[in-house]
1. Search the structure for amide H atoms under 5 Å from the amide H of Thr26, placed 1.01 Å from N in the peptide plane, and list their residues when 5 or more places away or on another chain.
2. Can you sort Thr12, Thr52, Thr26 by 1.4 Å-probe accessible area, starting with the largest?
Amino acid sequence: MRVIGMCLMVATLAGCGADGQPVRPTGGVGVSVGSGGVSVGGNVGVRSGPVTVSVGL
């Protein structure tokens, strides 16, 4: 849980432009259904120009 909180704080700080040029936060949620049941996943990250850094959850 701490890792998620840290990622959100970094994305917020970077998104406001306090440390340089602003970057855009990204995120996504996915749900899949298969023979093993239902699974949920997601990711959060930041994008600056052509570079995207994200963490899958």
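The values are calculated or read from the model by the stated rules, or taken from the named source; none is laboratory data. Remember, it's a predicted structure, so these values are computed and weren't measured experimentally. Each accessible area value is taken on the protein alone, full model and side chains, heavy atoms only, with ligands, DNA and RNA left out. Shrake-Rupley method; radii C 1.70, N 1.55, O 1.52, S 1.80 Å.
1. It is Gly45, Val46, Arg47, by chain and number.
2. Working: Thr12 95, Thr52 70, Thr26 45 Å².
If we order Thr12, Thr52, Thr26 from most to least accessible, we get Thr12, Thr52, Thr26.
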